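Throughout, read-outs are computed from the coordinates displayed, never taken from laboratory work. Values in this document were obtained by computation on a predicted structure and should not be read as measured data. Ideal geometry is used to build each Cβ from the backbone, glycine not excepted, and the neighbour counts take in all protein chains shown.
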Amino acid sequence: MVAQLVKEEGILSFSNIRKEMIDLVGGKGANLGELLSQGIRVPPGFVLTSKAYRYFLDYNNLREKIISILKEEKDSATASSRIKQLILSAEIPPDLEEITLNAYEELVKQVGKEILVAVRSSATAEDIESASFAGQQDTYLNVERSQLFEKIKLVWASLFNERAIEYRKSKGIDSSKVEMAVVIQKMVNSRSSGVMFTLNPANGDRNFIVIESSWGLGEAVVGGMVTPDEVVISKHDLKIVDRRISKKNLKIIYDPHLKANREVEIQGKESESPSITDEEAIELAKLALKIEKHYEVPMDIEWAIDGDLTFPDNVFIVQARPETFWVSKQSRQEPVTATTGERKVIVKGLAASPGIAMGKARVLLDIKDAKEFKKGEILVTRMTDPDWVPVMKVASAIITDEGGITSHAAIVSRELGIPAIVGTKDATKLLRTGQEITVDATRGVVYEGRIIAEEPRHEVQQSTGLTGLSRDVLLSLYPVTGTKIYMNLGQPDMIEKYLDLPFDGIGLMRIEFIVSEWIKYHPLYLIKIGKPEEFVNKLAEGIAKVASAIYPRPVVVRFSDFKTNEYRNLIGGEEFEPEERNPMIGWRGVSRYISPQYEPAFRLEVRAVRKAREEMGLKNVWVMFPFVRTTWELKRALSIMGEEGLRRTGEFKAWIMAEVPSVVMMADQFAKIVDGFSIGSNDLAQLTLGVDRDSEILGRMGYYDERDPAVLRSMRRLIRIAHRYGRTVSICGQAPSVYPEVAEFLVKEGIDSISINPDTVIYTRRLVASVEQKLLLNKAR
Ligand code: PEP
Ligand code: MG
């Protein structure tokens, strides 16, 4: 009876799988089946379902043994190794072995010769969360027939990784009830491979499909190691309209003797001959159209042509994800291609948040007049501060006289996904309320009138655009990176909008938004009127909103980093805040927390964090200290935090911002008292170069630049020293969001995580993955 069941549903080939079958075939299996059902060819294979796993357990009477180990063994590490041992030494039931081999033979028959397969874990619905938490994504590539069952057992055993057991314990999930499916898929023996886009990546034109192709495995193209051949195909008649054949000097192939990928030089004719035939290119284009139709957004697709198979069965899709660069910057090409009449530039400034908008300007010099502002108007003002956020939220674009690209207006606009131009010097004088304008915030130019025929899409593509897929399936569309990709977030409500994005945590949660928009009162004033709990509760609520939405991924909550002028604007603030000449380098960050005046308010901030962690159970909340200058002040602040019951432990981390150069200089000393650093490149550039980050004069002259060698050298130094002392380094300043080359530099230097603005999460994840791949290849050479 049981054996019969296994025969029926113990093994399913991809063609019998649909996306609803996660319980049986896991997230990965379901995704592959779904693609295939849409006519999108993936490398052939089958899934050993959760039923097969169950059958294996029952056949060996492992269930009770696992339950009793989990019960009696308090130490998860020991429980893990005992259970894994049980699984690895158990026997695969002969009939299960037989049907697995039959399925494998079917694959071999299709190919006509011995093949290599990938054996991958595919977590089922109940266990998806802990699987992704525990990194239980075991995949074995290039597996030979003789190793097949060993690898299958290894994948099953990975259900009981120590971290997975721990995680389930913490969530009250019974580890003996979780199950795992195993995907077995032919390794593509890539004769040629590459990427393709369902739009022209050079200008965003959606009428074309562009295929980039080279010999061997795809890493050569993705990692930029060769200049690929390029084929451009028109979408409406599937005709090749352009073709460029390049000289391809190398390829990467799998070497079965080395059991590793190897780079091979290409000489002679092969290097200059086309790596893809016309019929293959057209077949790829057809698949691309199907994928684009299915996901309803332009796609960025990795493909391969298998040298073992014949056309058209040899043409495979290996990865498909939404194209983000042009979708988010769709507007870029629009002023160029679809303008009406002549364009008159009224004012220029720094492009702070990309996108385009058209509409009526509203010049607003004083926030007291906010009532006049109508939803959808373009806000023109001198500079924004936290009081302006409610107006910014309903504006269709923002233009300021003052400020650089790390100013308040710039940072908030990017988070909101609103086009913004800052530092125009005199926009408030040159623009009139009611005037129709076009804001091209990608180039930093404001035009008179509406210069685009149709209404532009100015919103940044912050969600993946894919609907109806589980988070696990969605995330499987993006590359895994060794460097964690975190996101910056200030406004708790915005988390819902960004939930689908592939980020590993919040690397900077600026609490100033909660204070100025939700609490509104100065904390010392609330203490004075006997309502300190109001501050604690609302702050905890804001933190919890984000931390619970993304649990168990970490949220790094930064203690308040208002400057005196900003604190003064809070209700009741004037009484407690002196007027400083240079607030930017004044009573800011830790210097505040340890001062007798502000210390009671700092204690409220700590209490809010503790409330979120302990009362609400959100153990994924960590903290970060901004604007740290010296070790003595930090020690004092840490001990105040300790007095309030928050102490660093393995699971509660305290980071500091590395944004004052003294932290870089004394990194070895700081490393002894904190768990990690996060580079505040906005302030670090300002203070290293002596350039006011808000000075539009210096900004326009090009002085404010985080890519300056002095700043990069500081970052490198910090990473090296921190790692010597076993501490992690992240970055949460704007630099990697604005300059991909900074992200690349940091990955090469070995940074542990990068925290970026929501609009660049997908782009940066891809970039980091390709840089990492290249580093690995270089190492392997
Ligand atoms: C920074 O300085 O880089 C940073 C992230 O902090 P802020 O921009 O809030 O000063
Ligand atoms: Mg800073």
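Going from the fewest other Cβ atoms within 10 Å to the most, the residues Val389, Val536 appear in the order Val389, Val536.
Take every Cα pair under 8 Å in the range 653-708 that's 6+ residues apart, average their separations, divide by the length, and report that relative contact order as a whole percent.
Values: 61 pairs, mean separation 18.5, N = 56.
The value is 33 percent.
Put in order of Cβ neighbour count within 10 Å, fewest first, the listed residues Lys293, Lys269 become Lys269, Lys293.
Normalised by the number of residues in the chain, the average gap of Cα pairs under 8 Å and 6 or more apart makes the relative contact order 9 percent.
In what sequence, highest mean first, do 380-387, 22-29 appear when ranked by Cβ atoms within 10 angstrom? Walk me through the numbers before you get to the answer.
Numbers: 380-387: 20.8, 22-29: 25.4.
Most protected by this proxy first, the peptides run 22-29, 380-387.
Residues Trp215, Trp632, Trp587, arranged from fewest to most other Cβ atoms within 10 angstrom of their Cβ, appear as Trp632, Trp587, Trp215. Only DSSP H runs of four or more residues enter the estimate; each adds -39500 (n - 2.57), and after division by the residues of the chain the mean residue ellipticity at 222 nm equals -11000 deg cm²/dmol. Taking 24 Å as the limit for the C-alpha separation, the pairs Lys348/Lys520; Lys74/Lys171; Lys375/Lys520; Lys171/Lys531 exceed it in the case of Lys348/Lys520; Lys171/Lys531.
Looking at the chain only, what percent of DSSP beta bridges run antiparallel? Nearest 5 please.
Working: 69 of 105 bridges.
If I count the DSSP bridges inside the chain, around 65 percent turn out antiparallel.
Sort the chain into rounded, prolate or oblate with this rule: let a ≥ b ≥ c be the square roots of the eigenvalues of the Cα gyration tensor; rounded if a/c is under 1.5, and if a/c is not under 1.5, prolate when a/b is larger than b/c, oblate otherwise. Since a/c reaches 1.5 but b/c is at least a/b, the shape of the chain is classed as oblate. For the residue pairs Lys19/Lys484; Lys484/Lys672; Lys425/Lys774; Lys84/Lys672, alpha carbon separations beyond 32 Å are given by Lys425/Lys774; Lys84/Lys672.
Spin-label pair Ile673-Ile571: with each label point 7 Å from Cα along the Cα-Cβ axis, the two points sit 3.7 nm from one another. As a rough guide to protection, the peptides 588-594, 578-584, 718-724 ranked by mean Cβ packing within 10 Å, highest first, stand as 588-594, 718-724, 578-584.
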